[in-house]
Each structure stands twice: as structure tokens, then as C-alpha cells.
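Everything on this sheet refers to the single structure shown next.
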Amino acid sequence: MDLSIRRARPADKRDVLAAVRTIWGGHDRIPDVFDSWVNHRSGPFFVAESGSRVVGMGKLTVVSPTEAWLEGGRVAPRWRRKGIATALIAHRVEYARRRGFRVLRFSTASDNTPIHRAASTFGFVRVAKLARHEAPAASGTPPVRASRAQERRVLRRVGPLVQRGHGWEWREITARDVRAAIARRRVFLSDPAVGAAAVLGHRYEESLMVVALGGSVRPLTDLLRGLRAEASGRGLDDVSFYASDATERRAARSAGYRRPWSGETYLFEKRL
């Protein structure tokens, strides 16, 4: 098959939208993000062509000077099983390598076994199993905020990854991230000894979003309960976060959090 991969252009919009029209029952997010992705400011958006027809696409998003995120991988339904998805992954991996990135990551559904196999082929390893948890706002005592003097202990508790925005991207958390979050009063603790800590992201709709957290079960349970009170005090509906291990899942259940859906997300990583 004659296949070429190049950067997407604004003129590709019609073909790109046609390629994803039936994916996920017509609810693919590509139509919503095409205009922002095609300007390439957050990283290159590639399309795969065969016979001048767009048959697939894939985005490489720059999340830090050394980290990049693979997303938006799509192949038009009638063009699947022809190696196009594999070619798009290979193209972005090589692009990232040439540009000096040290880490590539991506996330996908836990039941997306074809992508799991492709990840293994390219040397990606699964580093986390993420499950969204939510709890309604509730009355109670909000947790205490962290001070600058507690920065190092917070960083040790909430590492190693932080969620970017309210999307599906994660990157390594840094001392600078924690310092900035403390300055903005977005870091909460279970207790002065920092048995557990949580970093809040930007408000998303009516939810108090936690983008990084960690700690042992009991203090983390107390902290998660306190965050429900914090959400109530702000007039928000709920608290939400992605649990990444058994400790976080156990604490979430004890604090009254539930999973809004049964599916899980696998996070894969490749060191270049």
C-alpha cells in the first residue's frame, strides 16, 4: 500500500472529519480539537495518506521540554488492519527521538488489546492503571493547606506523575509544580506531618479536580473526606480524581468515592 505521513494542514479538515465520522458512534473528539491541533503549537498533528486520501492521523503533544504524549491515533474504519496505526506510532516515536525527547507516554482503555500489543512492540511498558473516582460534596471540616516549608514532603507524597488540565495527559511532577501550587493555595494535607497530600488542578465544570495525590491509607482517607468538605465550601458539586494504585482505591472507597464507570485506563511509557 502506498502510504505517506505528513503534518496536517487546515485544508485536511474535511477529509479528517470524514475519516472519524462513525468512530465512537459519531462522538469522536477530533472534530472539536482539529482547529487547535492543526496549528501545531502544542506539537505536530500528522495525517497518513494513501492515494491522496487521508486514512489515519495521530498527534504528538509536547508536555514538557523532555516529555511528549501520543494521542489522537485514528484510522478510518475501512482502512484498518493495514498497518496504518503502527506506521503512525513509528513515525511519532522517531520524530520524538530526533527532537531529543526522553520520554513518551500515552493512555488507552484497558480493553484496547490491539493497542496494548502495539505498545509492547514499540517498547512501551504499562506504568499505571487509572480508574476515575468521584464523590459528592459534603459538609465537614476542610483539610489544611500546605506551606512552602512542606514542599519537599508534598513532592515525595504525590509523585511521580501529575495530570495536565482535565484531559488524558500526564507528565512528571516537579518541585516547581508543587511550589507553584502551594503559592496558589492548591495543595492540601491530611495533617502537618504530611501523611497524605493532594494537588488541585483548575476547576472543571462543577467539580473539584485533584491532579496528583498520595499517602498511606488512613491519612489519605481523611484527606479525601476533607476535600469533599472543601468542594462544599466552594459551592461545587463533587470531587474527582484518578486512582492509580490499590492504596488510593482503598482510601477512595473508605471516603465515600465511587467509580462513575467501570472501565479503566492504562498508562504506557517509553524511555528514549
**Q.** Tally of residues being open to solvent by 60 Å² or more (accessible area, probe 1.4 Å), closer than 11 Å to T141 by Cβ and of a type in the set (D, E, K, R) across the stretch 222-240
**A.** 2
Q.
Pull out all pairs, ordered by first then second residue, where Cβ-Cβ is under 7 Å, the residues are six or more apart or on different chains, the first lies in the stretch 97-117 and is closer than 18 Å to A128 by Cβ, and the second is open to solvent by 70 Å² or more (accessible area, probe 1.4 Å).
A. V103/R271; S107/W168
Q) open to solvent by 60 Å² or more (accessible area, probe 1.4 Å), out of contact with any Pro (no Cβ under 8 Å at 6 or more places or on another chain) and either without any contact (Cβ under 8 Å) to a residue 24 or more places away in the chain or outside any loop (DSSP other than H, G, I, E, B) (or both), is that true of R176? A) yes
Q. Could we say that G72 is open to solvent by less than 30 Å² (accessible area, probe 1.4 Å), among the small types (G, A, S) and either touching a residue at least 60 places away in the same chain (Cβ under 8 Å) or not in a helix (DSSP H, G or I) (or both) here?
A. yes
Q. Of all residues in the stretch 1-34 being over 18 Å from L70 (Cα atoms) and of a type in the set (D, E, K, R), which is most open to solvent (accessible area, probe 1.4 Å)?
A. R14
(Q) Which of the numbered conditions does H202 fail, given that it passes all the others? Conditions: (1) out of contact with any His (no Cβ under 9 Å at 6 or more places or on another chain); (2) part of a loop (DSSP other than H, G, I, E, B). (A) (1)
Q | Boolean, P142 is in contact with a helix residue (DSSP H, G or I) (Cβ under 6 Å, 6 or more places away or on another chain), touching a residue at least 40 places away in the same chain (Cβ under 8 Å) and open to solvent by 20 Å² or more (accessible area, probe 1.4 Å) | A | yes
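The values are calculated or read from the model by the stated rules, or taken from the named source; none is laboratory data. A quick note: this is a predicted structure, and the numbers were derived from the prediction, not measured. Every residue, glycine as well, gets a Cβ built from its backbone with ideal geometry; the counts of neighbours run over all protein chains shown. Keep in mind that these areas ignore ligands, DNA and RNA; they rest on the heavy atoms of the full protein, side chains included. Shrake-Rupley method; radii C 1.70, N 1.55, O 1.52, S 1.80 Å.
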